[in-house]
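Each value in this text was obtained by applying a stated rule to the coordinates, not by laboratory testing. A quick note: this is a predicted structure, and the numbers were derived from the prediction, not measured. Cβ: placed from backbone, ideal geometry, glycine included. Neighbour counts: every protein chain shown.
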Amino acid sequence: MTLAGSRAAGDSLDALHRRIIRCTLCPRLVRWREETATVKVRRFADEEYWGKPLPGFGDPAARVLLVGLAPAAHGGNRTGRMFTGDESGNWLIRALHRAGFANQPESLHRDDNLSLRDCYIVAALRCAPPNNKPLPEEMANCRQHLLDEIRLLKRVRVVVGLGKIGFEAGLKAFRELGLVDFRAMPGFAHGAVYRLGAYTFIATYHPSQQNTFTGKLTRPMLDRIFQRARREAGRERR
Ligand code: SF4
């Protein structure tokens, strides 16, 4: 990719990110994200919360796209960056670092110098939902942000769905953009791989504490997902 190409993609993404950050389409989520940012939790009582929607994050020339569910109330909603400042983020970024997609194993705050290479992270929903449970109409409202962001990520070839919701949101978005075609939704199972047209979709359990604390998702399991993603990204396509 040329430097000029990189700048153009970066500029367009910047404009989209500014739009996403200003979004107020879901009244329930606007209330929740702002209330959480005001009330806070004791351990972060001295911090200023972000309390706004989250744009995607990563390398605009990435071949590997990660699709998550939504920011956590005291993680991304606090720090202003996806998978930053909570246990899920620690797990994910450590795995990306082991796989060579991240320059460091920590994701603490927006100015921590974390940089992703060949990898970009988006989410199906950009505002933290109460109890991590978005309503169907909120998912539908936020769909446009996902479509707009994918449209600007021209080099993506591999989509890793984090959890069933992220996995299906990625597949639906690529179908809606006319990039892949399928009738029945491909089944979700950890490690499932689907090659559809020029793209490979990989499913993984979400690196939530519910999965990592219970051993449902282990480090070797997540490492194998990203090793596969790397191989698929380098695969010759016709
Ligand atoms: S969830 Fe998405 S559509 Fe709803 S307010 Fe947040 S950014 Fe806007």
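Beta bridges per DSSP, both residues in the chain: antiparallel share near 35 percent. When you filter the GluC sites (Glu not before Pro) in the range 156-238 for DSSP loop state and at most 13 other Cβ atoms inside 10 Å of their Cβ, you are left with GLU236.
Using 0.36 nm per residue and subtracting the Cα-Cα separation, the extra length available between ARG117 and GLU176 on full extension is 18.6 nm. Grab every C-alpha pair in the range 57-193, bin the distances at 10 angstrom width from 0 up to the longest one, and report whole percents. The calculated distribution, bin by bin, is 12, 43, 37, 8, 0.
Relative contact order of the chain, taken over Cα pairs closer than 8 Å and 6 or more residues apart, is 20 percent. Legend: residue pairs LYS172/LYS216; LYS154/LYS216; LYS40/LYS216; LYS40/LYS164; LYS52/LYS133; LYS133/LYS154, Cα-Cα distance threshold 23 Å; pairs beyond threshold, LYS172/LYS216; LYS154/LYS216; LYS40/LYS216; LYS40/LYS164; LYS133/LYS154. For the chain, the longest principal axis of the Cα atoms and the long axis of helix 27-39 meet at an angle of about 60 degrees. Determine, from the Cβ-Cβ distance of ASP223 and ARG195 and an R0 of 25 Å, the FRET efficiency 1/(1 + (r/R0)^6), rounded to the nearest 0.05. That gives a FRET efficiency of 0.75.
The trypsin sites (Lys or Arg not before Pro) of the range 103-185 meeting both criteria, a DSSP state outside H, G, I, E and B (loop) and at most 10 other C-beta atoms within 10 angstrom of the site's C-beta, are ARG183. PHE188 sits among other residues whose Cβ lies under 13 Å from its own Cβ, and their net charge, with Lys and Arg +1 and Asp and Glu -1, is +1.
Its Kirkwood hydrodynamic radius, worked out from the mean inverse distance over all distinct Cα pairs, puts the chain at 17.9 Å. Which is the longest run of the chain containing none of the chymotrypsin sites (Phe, Trp or Tyr not before Pro) found in DSSP loop states (not H, G, I, E, B) with at most 14 other C-beta atoms within 10 Å? Result, exposed sites excluded: 1-181.
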